[in-house]
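> Just dropping this structure here.
Laboratory data are not the source of any read-out in this text; all were calculated from the coordinates shown. The model shown is predicted, which means the values in this text are computed figures rather than measured ones. FYI the Cβ positions are ideal-geometry reconstructions off the backbone, even for glycines, and counts take in every protein chain you see.
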Amino acid sequence: MPPKGSIKVNDFYCKGCELCVTACPQDVLQLSPDRINTKGYHPAEMKSDGCTGCGTCATMCPEAAITVYRAVTQKADA
């Protein structure tokens, strides 16, 4: 089972460049079709479940606007 993750995008810093969307290996990011930030850009957001918390989107973001969270899972003793 792949790890579970999520992201938080700081809308103030996101400039809608779409680098994170293109880089996401899980294809779970998009630019928000409904929201515009104070600078006039459509910020990035998750469009579906499936994020593994790999951090590729945060690495690609030139504005450091993305924080990645990865769920901690407990392994069962064998």
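> Just from its helices, what would the mean residue ellipticity at 222 nm be for the chain, if runs of 4 or more DSSP H residues each count -39500 (n - 2.57) and the sum is divided by every residue, rounded to the nearest 500 deg cm²/dmol?
-2500 deg cm²/dmol, from helical runs alone.
> Moving to a separate point now. Once fully extended, how much extra length lies between LYS4 and ILE36, figured as 0.36 nm per residue of separation less the alpha-carbon to alpha-carbon distance?
Between LYS4 and ILE36, full extension yields 8.7 nm more.
> Provide the net charge surrounding GLN26, with neighbours chosen by a C-beta distance below 15 Å and charges set as Lys +1, Arg +1, Asp -1, Glu -1.
In short, 0.
> Would you work out the charge dipole size for the stretch 5-70 about its Cα centre, treating the Cβ of every Lys and Arg as +1 and the Cβ of every Asp and Glu as -1, and quote it to the nearest 20 debye?
Dipole size: approximately 140 debye.
> A further question follows. Along the stretch 10-27, what does the Karplus equation 6.51 cos²θ - 1.76 cosθ + 1.60 (θ = phi - 60°) give for ³J(HN,Hα), rounded to whole Hz, x for Gly and Pro?
Values per residue, Gly and Pro as x: 7, 4, 4, 8, 5, 10, x, 6, 6, 5, 5, 4, 5, 7, 4, x, 8, 6 Hz.
> Cα centroid distance between the stretch 1-20 and the stretch 36-63, in Å?
The two parts, judged by their Cα centres, are 2 Å apart.
> Out of GLY50, MET60, PRO25, whose Cα points farthest toward the positive end of the dipole of the chain (charges: +1 Lys, Arg; -1 Asp, Glu; placed on Cβ)?
MET60
> Can you figure out the FRET efficiency of ALA64 with ASP27, using R₀ = 22 Å and their beta-carbon distance, to the nearest 0.05?
On the way: r = 22 Å, r/R0 = 1.01.
The computed FRET efficiency comes out at 0.50.
> For LYS47 and THR73, what is the calculated FRET efficiency with R₀ set at 30 Å and r taken between the beta-carbons, to the nearest 0.05?
Numbers: r = 24 Å, r/R0 = 0.79.
Approximately 0.80, to the nearest 0.05.
> Taking just the alpha carbons, could you work out the radius of gyration and Dmax for the stretch 5-70, both in angstroms?
In order Rg, Dmax, the Cα atoms of the stretch 5-70 give 10.5, 30 Å.
> While we're here: Give the relative contact order (percent, whole number) for the stretch 5-70; include only Cα pairs under 8 Å separated by 6+ residues.
It rounds to 46 percent for the stretch 5-70.
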